[in-house]
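Trainee: Next up is a structure, given as structure tokens.
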Amino acid sequence: MYVIFCFFMVERALSKKRYFIAFIFSAAIFLIGLLLGLLLTGSKLEFVEKYQQDFRTQSMTFDIQGALLEEDICDFQVEEFDREFNMITEQVSVMEGELGKYDEDVLRMKEYYSLLEIRHWMFIKGLKEDCGRDYNIILFFYSNEEEECSDCEMQGYLLGYINQKYDNVFIYSFDKNIQNSALGLLKDKYNVNGLTLVINDRVSYGFMEKEEIEDKLY
Amino acid sequence: MEISYAQILIWIAYFVSLYLVIFWLLTFLEKGVWLKKRRIERFPLVSVAVPVWNEEGNISLTLDSLVNLNYPRDKLEIFVVNDCSTDNSKGEILNYIQNYKGVNIIYLENEVNSGKYFSVNKALRLANGEFFVCLDADSVVEPEALNKMLPHFDYDDQLAVVLPLMKIAAPENTLQKIQWCEYLLNFFYKSLMSMIDCVHVAPGPFSVYKKEILVKIGGIRKAHHTEDFEVSLRLQRNHYRLLQVLDAEVYTKPPKNLKDFYRQRNRWYKGTMLNLFDYKRMIFSKKYGDFGMLQLPRVFLSGFLAVGLIGFTSYRYILKPLWKKIWNWSAINFDFSVWFQNFHLSFNWLKINYMNGFFFLVSITLGLIIVLYAYKFTREKVFKYGFITVPAYVILYGFMASIVWCGVFFDLLFKRKKLKW
């Protein structure tokens, strides 16, 4: 009975050719998207690295100009210099968000960025000490490892707030796990251990509340 | 580059959706959706079942549309089955029958409230027609519907059911307009599915069955409140054909508010899942051709994908960041004044995710093609109900459906015993 029943049945077809063509098309679109993403991420990296290079050249130019012409460092207007540095900070942060904190390119970029930070810090410190500018300088040593420093992200956010609130506060954040001899010297100088904050040369360890930081600024 | 689980899930969902859209577009290019125009040459007896439960105010309109069918009156028999309505449905029906004595309307009553499938089967047992139609009491049918649908049966012995194009009648609010858009797209898709025998559900309103086949496979069965889905699965299992036409129209009333929408969809999706479990052997079975290998896996997996996608992405991109934000805000004592003072719009091209941007553009383009074709072949204008309808559907519908799917999975996992099946 079932055989007779089957005889009249609809012939069930498999659109194998269409399955295959649809797969080829969708895989092609998907791969184009992936390649486009990878290529453009590469060009973003190149852009940031070039920007960092330009900044280094610019800071070296200031150094040399100062030495050669014996220009008074105290006449230096910090705004433009600072704006460009903030741009680099944002670019590094964007690339870290996109590629991840363990990406080799990001780590290399951050090492270079740390050196630029030290250079910037030295410059601002000079302005503060030699010219009596009313600057507050904060060094923030953090770790990206959640288990190593659970409060670091929150402290970073709080320092971002302080930076926005006060015009005369300069904050330099250093990933303490980046291996670089210059950074190593700085860590040794302040005996960095876990989350470390150096506010106007005074060292504190562990998370610091908003009010505590504000007290130390003035 | 670090890749998160949420990103992988989004890619999988994107690839699967892209694959299906391209597959159906290829089907469209190869087969089209228009069926050969058939003229009606004979007028066989047609039995219509109208199950009624508390449809006071609606039932007269439904019966009007049946009485006004452009079809010989002596070739129509209408069974109105009252499933113990507690409103004045009975009075309205009897009054109607008295006023239209020229039409063969038979009034039936269930002794206890027994559900739609019971009412339909009651009519099926008494039906004398060569064809059997069910029309929900909240739907109306266009006068030429039977003339457009019946001729298809004369050219295909294995054709078991012809489905009309179902539209939303005069949508009033945004939710109904979203559903209007959804129905047009769904039925356009269904007409494509029909071309390769992949229709998985013959909707309740005015699907025309060949009665002999419907009786042979056992009529309508109780099936998790989604009997139309179950009977379609049974027809497919027995290798019968289900045909979607786009020229015969039936109009239905959609839920007006989110609560009713959630309830309706929860019932549909839950019924879909439970029926699919009952017919699980058909999934990935080559015996059923494209229906077994493509359509059923798609229907089955869409729920899991929706829940997975909304679960992972909302955790990864909404809940987790939001929790972090709140945690961070607590560090600054929720003092937002500083951010407002220093707020400025800035554009940083580094922040653009070109890969996702590309995928988004491809999706929008393909989506637009589908929408335009769907509107063209269902004879509707894209902006008939305002400029916001289609964008609202595109943006909100997937999210709404995913929320319902989450509710369905929650019910199936934690409230199984409480379900009143």
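Trainee: When you scan region B:256-334 for helices (runs of 4 or more DSSP H) that lie fully inside it, which ones turn up with 1 or more residues that are farther than 25 Å from residue B:180 by Cα and within 14 Å of chain A (Cβ to nearest Cβ)?
Mentor: B:296-313, B:320-331
Trainee: Quick test of your reading of the structure: residue A:115 fulfils all but one of (1) touching a Cys at 6+ places or on another chain (Cβ under 8 Å); (2) in contact (Cβ under 8 Å) with a residue 60 or more places away in the chain. Name the failing condition by number.
Mentor: The one condition residue A:115 does not meet is (1).
Trainee: Determine which member of the set A:73, A:88, A:124, A:162 is more than 20 Å from residue A:193 (Cα to Cα) and under 13 Å from the mean Cα position of the chain (by Cα).
Mentor: Of the residues listed, the single one that is more than 20 Å from residue A:193 (Cα to Cα) and under 13 Å from the mean Cα position of the chain (by Cα) is A:88.
Trainee: Condition first: surrounded by 12 or more Cβ atoms within 10 Å (Cβ to Cβ) and either touching a Ser or Thr at 6+ places or on another chain (Cβ under 8 Å) or of a type in the set (Ser, Thr, Tyr) (or both). Can you find one or more residues in region B:331-346 that meet it?
Mentor: No, every residue in region B:331-346 fails to be surrounded by 12 or more Cβ atoms within 10 Å (Cβ to Cβ) and either touching a Ser or Thr at 6+ places or on another chain (Cβ under 8 Å) or of a type in the set (Ser, Thr, Tyr) (or both).
Trainee: Here's another thing I want to ask about it. Taking the stated definitions as given, is residue B:85 of a type in the set (Ser, Thr, Tyr) and modelled with pLDDT under 95?
Mentor: Yes.
Trainee: Residues in region A:48-63: is at least one within 11 Å of another protein chain (Cβ to nearest Cβ), at pLDDT 80 or above and open to solvent by 60 Å² or more (accessible area, probe 1.4 Å)?
Mentor: No, there is no match, as no residue in region A:48-63 is within 11 Å of another protein chain (Cβ to nearest Cβ), at pLDDT 80 or above and open to solvent by 60 Å² or more (accessible area, probe 1.4 Å).
Trainee: Identify, please: which residue in region B:23-72 is in contact with a Lys or Arg (Cβ under 9 Å, 6 or more places away or on another chain) and within 14 Å of chain A (Cβ to nearest Cβ) and is, among those, modelled with the lowest pLDDT?
Mentor: In this case the residue turns out to be B:30.
Trainee: Among the residues of region A:76-85 satisfying the criterion of being under 16 Å from the mean Cα position of the chain (by Cα) and either within 10 Å of another protein chain (Cβ to nearest Cβ) or of a type outside the set (Asp, Glu) (or both), which is least open to solvent (accessible area, probe 1.4 Å)?
Mentor: That would be A:85.
Trainee: Specify the residue that is surrounded by the most Cβ atoms within 10 Å (Cβ to Cβ); the eligible residues are those in region A:86-100 that are at the interface with another protein chain (Cβ under 8 Å from one of its Cβ atoms) and under 15 Å from residue A:175 (Cβ atoms).
Mentor: Among them, the one singled out is A:95.
Trainee: Hey, residue B:8 hits all of (1) closer than 30 Å to residue A:106 by Cα; (2) of a type in the set (Val, Ile, Thr); (3) not in a helix (DSSP H, G or I) but one; which does it fall short on?
Mentor: The number of the failed condition is (3).
Trainee: Residue check, residue B:160 against (1) part of a helix (DSSP H, G or I); (2) within 14 Å of chain A (Cβ to nearest Cβ); (3) in contact (Cβ under 8 Å) with a residue 60 or more places away in the chain, all met but one. Which one?
Mentor: The failed condition is (1).
Trainee: What is the one condition in (1) of a type outside the set (A, V, I, L, M); (2) under 30 Å from residue B:371 (Cβ atoms); (3) assigned to a helix (DSSP H, G or I) that residue B:74 does not satisfy?
Mentor: The failed condition is (2).
Trainee: If I filter region B:85-138 down to residues being aromatic (Phe, Trp, Tyr) and within 30 Å of the chain's Cα centre (by Cα), which single residue comes out as nearest to residue B:267 (Cα to Cα)?
Mentor: By that ranking, first place goes to B:117.
Trainee: Determine the pairs where a residue that is in a helix (DSSP H, G or I), located within region A:37-49, has a partner that is surrounded by 12 or more Cβ atoms within 10 Å (Cβ to Cβ) with Cβ atoms under 6 Å apart, the partner being 6 or more residues away or on another chain.
Mentor: Here the result reads A:37/B:354; A:37/B:355; A:40/B:354; A:44/B:350; A:45/A:105; A:48/A:91; A:48/A:95, each pair linking region A:37-49 to a residue that is surrounded by 12 or more Cβ atoms within 10 Å (Cβ to Cβ).
So that you can scan it fast, the table gives a plain yes or no per residue for (1) away from every other protein chain (no Cβ under 14 Å); (2) farther than 21 Å from residue A:216 by Cα; (3) of a type in the set (Gly, Ala, Ser):
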site: A:105; (1), (2), (3): no, yes, no
site: A:109; (1), (2), (3): no, yes, no
site: A:113; (1), (2), (3): yes, yes, no
site: A:119; (1), (2), (3): yes, yes, no
site: A:127; (1), (2), (3): yes, no, no
site: A:133; (1), (2), (3): yes, no, no
site: A:145; (1), (2), (3): yes, yes, no
site: A:166; (1), (2), (3): no, no, no
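Trainee: Here's a check for you: in region B:202-226, which residue that is open to solvent by 30 Å² or more (accessible area, probe 1.4 Å) and within 21 Å of residue B:302 (Cα to Cα) is farthest from the other protein chains (Cβ to nearest Cβ)?
Mentor: Filtering region B:202-226 for residues that are open to solvent by 30 Å² or more (accessible area, probe 1.4 Å) and within 21 Å of residue B:302 (Cα to Cα), the one farthest from the other protein chains (Cβ to nearest Cβ) comes out as B:225.
Trainee: What about residue A:188, is it open to solvent by 10 Å² or more (accessible area, probe 1.4 Å), part of a loop (DSSP other than H, G, I, E, B) and among the acidic types (Asp, Glu)?
Mentor: No; evaluated as a whole, the condition is false for this residue.
Trainee: Looking only at residues that are assigned to a helix (DSSP H, G or I) and modelled with pLDDT under 80 in region B:347-362, which one is farthest from the other protein chains (Cβ to nearest Cβ)?
Mentor: Once the filter is applied, the top-ranked residue is B:349.
Trainee: Which count do you get for residues in region B:277-300 that are within 19 Å of the chain's Cα centre (by Cα) and in contact (Cβ under 8 Å) with a residue 40 or more places away in the chain?
Mentor: 6
Trainee: Do we have residue B:368 as more than 25 Å from residue A:151 (Cα to Cα), in a helix (DSSP H, G or I) and more than 8 Å from chain A (Cβ to nearest Cβ) here?
Mentor: Answer is yes for this residue.
Trainee: Continuing with this model, one more query. Is it the case, given these coordinates, that residue A:71 is in a loop (DSSP other than H, G, I, E, B), modelled with pLDDT under 75 and open to solvent by 70 Å² or more (accessible area, probe 1.4 Å)?
Mentor: Here the answer is yes, as residue A:71 does meet what is asked.
Trainee: Which of the residues spanning region B:248-305 are crowded, with 18+ Cβ neighbours inside 10 Å, polar (S, T, N, Q) and under 21 Å from residue B:134 (Cβ atoms)?
Mentor: Across region B:248-305, the qualifying residues are B:252, B:272, B:275.
Trainee: On the given criteria, is residue B:245 buried (at least 19 other Cβ atoms within 10 Å of the Cβ), in contact with a Pro (Cβ under 7 Å, 6 or more places away or on another chain) and in contact (Cβ under 8 Å) with a residue 12 or more places away in the chain?
Mentor: For residue B:245, the condition - buried (at least 19 other Cβ atoms within 10 Å of the Cβ), in contact with a Pro (Cβ under 7 Å, 6 or more places away or on another chain) and in contact (Cβ under 8 Å) with a residue 12 or more places away in the chain - is met.
Trainee: Among the listed residues B:46, B:21, identify the single one that is more than 30 Å from residue B:315 (Cα to Cα) and either open to solvent by less than 80 Å² (accessible area, probe 1.4 Å) or out of contact with any Asp or Glu (no Cβ under 9 Å at 6 or more places or on another chain) (or both).
Mentor: After ruling out the rest, the residue left standing is B:46.
Trainee: Further question: Restricting to region B:49-66, name every residue that is open to solvent by 10 Å² or more (accessible area, probe 1.4 Å) and in contact with a Phe, Trp or Tyr (Cβ under 6 Å, 6 or more places away or on another chain).
Mentor: Of everything in region B:49-66, just one residue is open to solvent by 10 Å² or more (accessible area, probe 1.4 Å) and in contact with a Phe, Trp or Tyr (Cβ under 6 Å, 6 or more places away or on another chain), namely B:60.
Trainee: Right, here's the next one. Could we say that residue B:167 is open to solvent by 30 Å² or more (accessible area, probe 1.4 Å) and touching an Asp or Glu at 6+ places or on another chain (Cβ under 8 Å) here?
Mentor: No, not satisfied.
The values are calculated or read from the model by the stated rules, or taken from the named source; none is laboratory data. In this text, all values refer to a predicted model and were calculated from it rather than measured experimentally. We place every Cβ from the backbone using ideal geometry, glycine too, and count neighbours over all the protein chains shown. These accessible areas exclude ligands, DNA and RNA; they are computed on the full protein's heavy atoms, side chains included. Shrake-Rupley method; radii C 1.70, N 1.55, O 1.52, S 1.80 Å.
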